[in-house]
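Okay, so here's the structure we're looking at.
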Amino acid sequence: MDVILPQILNGLDKGSAYALIALGLTLIFGTLGVVNFAHGALFMIGAFCSVSLSRILNLSYVTEDPTQTDFLGKPLKVETPYLEAWFGPEFGGALIDWSVPLAILFSIPIMILVGLVMERGLIKHFYKRPHADQILVTFGLAIILQELVRGIYGANPIQTPAPDMFRGSIDFGAMLGFDPNVIIYPYWRMIYFFFSAVVIGGVFAFLQFTTFGMVVRAGMADRETVGLLGINIDRRFTIMFAIAAVVAGWAGVMYAPINAPNYHMGMDFLVLSFVVVVVGGMGSLPGAVAAGFLLGILESFASMTAVKEILDGIDQIIIYLVAIIILLTRPRGLMGKKGVMED
Amino acid sequence: MGILEVKNVNKRFGGLQALGDVNLSVKENSCHAIIGPNGAGKSTLLNCFVGKLIPDTGSVMFDGQSVLGRTPYEINQMGISRVFQTPEIFGDLTVLENMLIACFAKRDGAFRMHAVENMHNERDIVEKAEHMLEEMGMIDQKDDHSASMSRGNKRRLEIAMCLSQDPRLLLLDEPTAGMARADTNNTIDLLKQIKDERDITIAIIEHDMHVVFSLADRITVLAQGTPLVEDDPENIKGNPKVREAYLGEAA
Amino acid sequence: MLGLNKKDTSLLMFVVALSLFAPIILNIFPKDSGFAFFNGGYPDLMQRFAIFGIFAIGFNILFGLTGYLSFGHAAFLGVGSYAAVWMFKLLNYNILPALILSVVVAGLVSVVIGWISLRRSGIYFSILTLAFAQMMYAIAYSDLFGRWMGITLTNGETGLQIYNNDPQILLGNGPTSPHLFGLEMGARKVLSIGPWEFVFPVGYYLCAILLILSFYLSIRIFRSPFGLMLRAIKSNQTRMSYTGLNSKPYTLAAFVISGMYAGLAGGLLAAMDPLAGAERMYWTESGAVVIMTILGGVGTLIGPILGAGTIKYMENIISKMNEKLLHDWFSFLPESLEYAMVWLASWFTGEGWHMTQGVLFMLVIIFLPGGLVQGGQKLASRFRRNKADDTATNATPAE
Amino acid sequence: MTKSNLTRRGVLKSGAVAGAGVALPTIFTASSAAAYTNEPTGGTVTLGFNVPQTGPYAEEGLDELRAQELAVEHLNGMGDGGMMNTFSSKALKGNGILGKKVEFVTGDTQTKSDAARASAKSMIEKDGAIMINGGSSSGVAIAVQGLCQDAGVIFMAGLTHSNDTTGKDKKANGFRHFFNGYMSGAALAPVLAKEYGTDRRAYHLTADYTWGWTQQESVAAATEAMGWETVNNVLTPLAATDFSSYITPVLNSGADVLVLNHYGGNMVNSLTNAVQFGLRDKMVNGKQFEIVVPLYSELMAEGAGANVQGVIGSMNWNWQLTDEGTKAFVKSFGEKYGRPPSGSAHTCYVQTLLYADACERAGTFNPCGVAEALEGFEFDGMGNGPTLYRADDHQCFKDVLVMKGKDNPANKFDLLEIVEVTPRAQVEYAPDHPMFAGGDLGKCNPGA
């Protein structure tokens, strides 16, 4: 139990990232019928919203300190953030410290804008094109976005820490009566899990209980009929795209403290999130979420030493192995709809 | 003993009894129509003939052999060709190519690895295909993109593909559905001609009474998944039960 | 000629000419001129053009004809390379057994993967092939099979290479680099005409001959009854089965043929450069062949070759434009403008070559859905219209 | 491999012939007078700088490129001369190499063996590069080294830390200045014993590829010799981005030290995750839990940020050293680029100078002559103290630095501090040491 439990926690945590990305991917796919290979890039842009905000809040003026020298023996340039100068080190410092949570708000307009521009400017013209064309054009877009980020921020990962109070970890084991240090878990990862649970719940509630959501769901099921009812489904789909972009962006914003963002993190997640979506079943939102958590937990289990002793290197192939088994036993993944993307 | 013998076929979808105790016999070289109101189970029954559905109980025998459990292509190779309600053709290909595929399937069976063989060496097949197109009056369109044709011509092509395989049984699923009157009449004429000129058995599912009475030698009326009556067209016309269950409704 | 109609024969002749004269066409700029940078006529790149041309031609037989989008074709390329290098290690450097084994092994692997993956269609098929390829990549990268069996099979991320203490039972006094019965792949002739210099490498010509053969075979397949069946699968599978045709063996055959093409390409990569690395199997490489095919023109005969050439040229030439070079080129401008131009250009060159690639994908897909072939046809038809205004030309279907 | 080289006169003549329209275009030359691949005939010599410009190690590659450009500048007599002034060999005059102006071409390895070989080949075949330098990973270094051996050019490896580069996979045309896994282990073990005691239980997380394996083997052997116990060694996939599931079992295993045999993005993430899980705040077996990263680089430390604080690792070289060579290099690099050079930049810079110097001393660009000049070469003034290029395996032997993450860095270049300079004698090993066995240097290949 003391071995399994932490891995379940790990799995839930990994799974929440997969699920959030896959959820957005499925929303776009289900509503617009577009295979969006740039979705990983949206996740990456979200993470860089965190980085950018922390950079903006850290904007500094430079003073020279003659008492210290830099590596060339010149007077050391000392940077003081404007915020600390304006609001005093305490409040200014706190603002800077909280840049990641603040980035959740900061990212909303950015992600909406990115989403709208993408949908109106590009994806709209690809609704009727073959999926291979959609894949290629969005893949091209993903490369461009990624290169832009690399040009601006460089290729090195950029640490974007969580607020001070959320660093460190909680000793679950001690609370549950195990020995101390047996089951520890970082605060921020738990926050990430709860955050994604809330976002996922929010998206489902939105689709379930609002008129807007009902129209979109109906549109997902039968676009033509809903169109015939005189409802401007296109506009709603555009909004849906923006929502999906925000969901992917938020997944990235909150992920930044877990692993330092780098420009290729979107591509790292891209293939995996597609596997998740397909294992969940194309077009099924609950399927995507379930598959995300399932694969996350299985991946964590496979990395346990006891499991690796059975088959060396199983942790490297588990996701793909499971994907193959599921797709062979369940033709349309866990909850896929018949006839969607089967030709 | 008919060429197609359907015995005690039952099919349930969840709580719905789609077919109940269907017995049917289609005589060789006849035209047998299956009619009935919407939801009577006509299409379900047809799907049982071609391997798309497997009935829960009962048997479907074609020429003394069971078709149940066989795949659609195996059933086609046995000699049953099917025409769909919405014409199913190879839209990306030309009219001639559509015909060639049917002719190859007839000659070479379900699979043959003729990967480097040259089309020029397949004179027989090409001639056969062109001959059939000529017969159907479509030879001028042989190089046309088949997706760009009218619905009537698509139907004509589909029938031509089926006929080129010399099927013993031709299944027609509402062949004139969604057609303009002129196209409908053309199709009726075409089918009549086929019926008269060939040794072929036709089973037709139809809504349009005009079509049914122009073609059928024998009619089975389905209602709620069960055959109501089976008789000659003249008798069906006068049958009050049919009138009540179907014609009256339609009128 | 050769069982081809007139149009196909001229297409074949075009490819033959292109392949034979590539060393001249690609080194069109004099050696010392400023444009010499854009020359691509050096052995390695020409060989890559031909090899990836073969890879893409094979992929197009599956994707272009049947419409089944495999996202794991690089696996067969990698398997072919490993097989070839193992032949070098065990027998000797003769490439013939190596190439034969790479095609056979890739064929066998593709039978297994194809047989399983083809139980599904559409994106489910794509993800199955992707999953298989990624699994094989992981297995090769950490040599998992080797570890399970306690031997070295792929030599991990270092890549499988030939050591002096390998068995090489047939080596004797034969050449110590890949050769075809003594004809070394690394050998080359150099032709200098005035300021021009043209290199004619043996290895390239072997690849070119195989490219031509592959291309010829693909024309035959495209035009054969079998090819017609494959196109029928793409068009309408329902009609296919109700016409008495079993689409499964057709698709599987196409899958295996394209897998064998990939195996041949992989074997050739190893024959030109006796090393096999796991990166060849990574999903981006599978994606690259999809991109090559679509970029050139999916389902067209010559498109894949053009696409492969374009991508490899960009990868090898644009990535070498560094800032020093840009400064040289823009040095005629006033300094401030020079720096601005260099700044702008550096987004797209050197380490920014991915950006150029992304932009190209988008432009081609948005404006030329039929790929470069369609672009060529548009140009040609415009040219023809200009030439003879009175003859109205219909857009020829992409072929 | 043959290649013709025309004299200027020949070019002019045949140009004139072609211009005159006389139909005699074919001048096939099966072989020429060239004694070795890409023998420079004009007034210039071309070096090939093959570094990762895209992919996860791109920043490192760009830093290598900066250093290489700087080296070319210095070789051509521009700038302040950098380490040429402190180098013990005085063969270089600042007039290029052997009187020929140095030019360079660049390529992108993408940190993939295939791409790296392709770009190296294009430099050799198209641009006439006589030497290839750079790189940021062992797999790529070994692949390119093999290629250079076959093509007949010298390979001056950049950052490559696997034992295999000068062990199992050593090649006569390849030379490594950078240190290796064995040296890291040998240098770290005494410091670790001193700082953390000899009674420690170590848990290894190892990147699942050859570099990871050789480093893990080296570090485990060296620490075990000091009395440490290796509790477990878990291999992690290279593609892993989240290491949480590998880190959770660590505390439970009874280990009190975590050794991260990771590099680049893997190391940044695994260290970040380990710190996130609060490992460094824990007491296990009555001791403070510690993390060790055997191979450090400045750019990784920058990526890992505050997480490196207090973490011990080793480096080939660091800009904070105070010898004259280091000072000269840091000064000229810092003034040109506004930042201190990284360790891999240093290696690439030094390798370029060493190559040039060897050509000067050999009096030729012939790879065999250059190799001979480098083999057994003793030098100083390049920042690592007295250094030997050992003839048996083409590995440099020099002091190794043990580093520690600073607690209060003043800026982003100041994340690490030097704990100890381990003397060369302590990291030396016999050429036939079992961790390096199985290789065969072969004979130098001049191509042609």
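The values are calculated or read from the model by the stated rules, or taken from the named source; none is laboratory data. It should be emphasised that the depicted structure is a prediction, and the values quoted were computed from it without experimental measurement. Cβ coordinates were reconstructed from backbone atoms using ideal geometry, including for glycine residues, and neighbour counts include every protein chain displayed.
Computed values, structure above
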| read-out | value |
| --- | --- |
| Matching residues, the range B:91-142, being surrounded by fewer than 20 Cβ atoms within 10 Å (Cβ to Cβ), more than 8 Å from every other protein chain (Cβ to nearest Cβ) and of a type in the set (Gly, Ala, Ser) | B:GLY137 |
| Condition met for D:THR248 (part of a helix (DSSP H, G or I), closer than 24 Å to A:ASN181 by Cβ, without any contact (Cβ under 8 Å) to a residue 40 or more places away in the chain and touching a Pro at 6+ places or on another chain (Cβ under 8 Å)) | yes |
| Residues of the range C:173-201 satisfying the condition of being facing chain D (nearest Cβ under 9 Å), among the hydrophobic types (A, V, I, L, M, F, W, C) and farther than 20 Å from C:SER19 by Cβ | C:ILE193 |
| Filtered residue count, the range B:151-191, keeping only those that are closer than 17 Å to B:CYS31 by Cβ, in contact with a Leu (Cβ under 8 Å, 6 or more places away or on another chain) and assigned to a helix (DSSP H, G or I) | 5 |
| Residue selected from the range D:375-411 under the condition among the aliphatic types (A, V, I, L, M) and touching a Gly at 6+ places or on another chain (Cβ under 8 Å), by the criterion farthest from the other protein chains (Cβ to nearest Cβ) | D:LEU388 |
| Wholly within the range B:30-104, strands (runs of 3 or more DSSP E) carrying at least 3 residues that are outside the structural domain of B:LYS142 (by TED's automatic domain parsing), over 18 Å from the mean Cα position of the chain (by Cα) and touching a residue at least 12 places away in the same chain (Cβ under 8 Å) | B:57-62 |
| Verdict on C:VAL298 being of a type in the set (A, V, I, L, M), buried (at least 24 other Cβ atoms within 10 Å of the Cβ) and within 14 Å of chain B (Cβ to nearest Cβ) | yes |
| Residue that is farthest from A:GLN316 (Cα to Cα) [pool: residues in the range D:229-273 that are of a type in the set (Ser, Thr, Tyr) and at the interface with another protein chain (Cβ under 7 Å from one of its Cβ atoms)] | D:THR272 |
| Whichever residue in the range C:260-280 is within 14 Å of chain D (Cβ to nearest Cβ) and within 15 Å of C:PHE59 (Cα to Cα) and, among such residues, is surrounded by the most Cβ atoms within 10 Å (Cβ to Cβ) | C:ALA265 |
| Wholly enclosed helices (runs of 4 or more DSSP H) of the range C:296-394 bearing at least 2 residues within 30 Å of C:GLY67 (Cα to Cα) | C:303-317, C:353-367, C:371-387 |
| D:ASP114, sole failed condition from (1) surrounded by 24 or more Cβ atoms within 10 Å (Cβ to Cβ); (2) facing chain C (nearest Cβ under 7 Å); (3) at pLDDT 90 or above | (3) |
| Check on C:GLY156, within 14 Å of chain A (Cβ to nearest Cβ), modelled with pLDDT of 85 or more and at positive phi | no |
| C:PHE76 being assigned to a helix (DSSP H, G or I), modelled with pLDDT under 95 and farther than 19 Å from C:ILE209 by Cβ | no |
| Segments classed as helices (runs of 4 or more DSSP H), wholly inside the range A:219-293, with at least 3 members that are within 13 Å of another protein chain (Cβ to nearest Cβ), more than 24 Å from A:PHE206 (Cα to Cα) and under 12 Å from the mean Cα position of the chain (by Cα) | A:265-280 |
| Number of the exception - B:ASN23 against (1) touching a Gly at 6+ places or on another chain (Cβ under 9 Å); (2) in contact (Cβ under 8 Å) with a residue 40 or more places away in the chain; (3) closer than 24 Å to C:GLN237 by Cβ | (3) |
| Subset of the range D:378-399 (residues that are in contact with a Lys or Arg (Cβ under 8 Å, 6 or more places away or on another chain) and not small (Gly, Ala, Ser)) | D:ASN384, D:PRO386, D:THR387, D:LEU388, D:ASP393, D:HIS394, D:GLN395, D:CYS396, D:PHE397, D:LYS398, D:ASP399 |
| Enumeration of residues in the range D:296-313 that are closer than 16 Å to D:VAL257 by Cα and more than 11 Å from every other protein chain (Cβ to nearest Cβ) | D:GLN309, D:GLY310, D:VAL311, D:ILE312, D:GLY313 |
| Residue within the range A:195-208 that is more than 7 Å from every other protein chain (Cβ to nearest Cβ), part of a helix (DSSP H, G or I), surrounded by 22 or more Cβ atoms within 10 Å (Cβ to Cβ) and in contact (Cβ under 8 Å) with a residue 60 or more places away in the chain present | yes |
| Every residue from the range D:44-63 that is in contact with a strand residue (DSSP E or B) (Cβ under 6 Å, 6 or more places away or on another chain) and either away from every other protein chain (no Cβ under 12 Å) or surrounded by fewer than 24 Cβ atoms within 10 Å (Cβ to Cβ) (or both) | D:THR44, D:VAL45, D:THR46, D:LEU47 |
| Residue in the range C:54-73 that is within 14 Å of chain D (Cβ to nearest Cβ), farther than 21 Å from C:GLY227 by Cβ and within 17 Å of the chain's Cα centre (by Cα) present | no |
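A quick yes/no check of all residues on (1) away from chain A (no Cβ under 14 Å); (2) under 24 Å from D:VAL144 (Cα atoms):
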residue: C:LEU108; (1), (2): yes, no
residue: C:GLY114; (1), (2): no, no
residue: C:ILE123; (1), (2): no, no
residue: C:TYR137; (1), (2): no, yes
residue: C:ASP143; (1), (2): no, yes
residue: C:LEU160; (1), (2): yes, yes
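Per-residue answers, yes or no, for (1) surrounded by fewer than 19 Cβ atoms within 10 Å (Cβ to Cβ); (2) acidic (Asp, Glu); (3) in contact with a His (Cβ under 9 Å, 6 or more places away or on another chain); (4) touching a residue at least 40 places away in the same chain (Cβ under 8 Å):
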residue: D:TYR337; (1), (2), (3), (4): yes, no, no, yes
residue: D:ASP357; (1), (2), (3), (4): no, yes, no, yes
residue: D:ARG361; (1), (2), (3), (4): yes, no, no, yes
residue: D:PRO367; (1), (2), (3), (4): no, no, no, yes
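Yes or no, residue by residue, for (1) under 19 Å from A:GLY11 (Cα atoms); (2) touching a residue at least 40 places away in the same chain (Cβ under 8 Å); (3) of a type in the set (Phe, Trp, Tyr):
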position: A:LEU148; (1), (2), (3): no, no, no
position: A:ASN156; (1), (2), (3): no, yes, no
position: A:MET165; (1), (2), (3): no, no, no
position: A:SER169; (1), (2), (3): yes, no, no
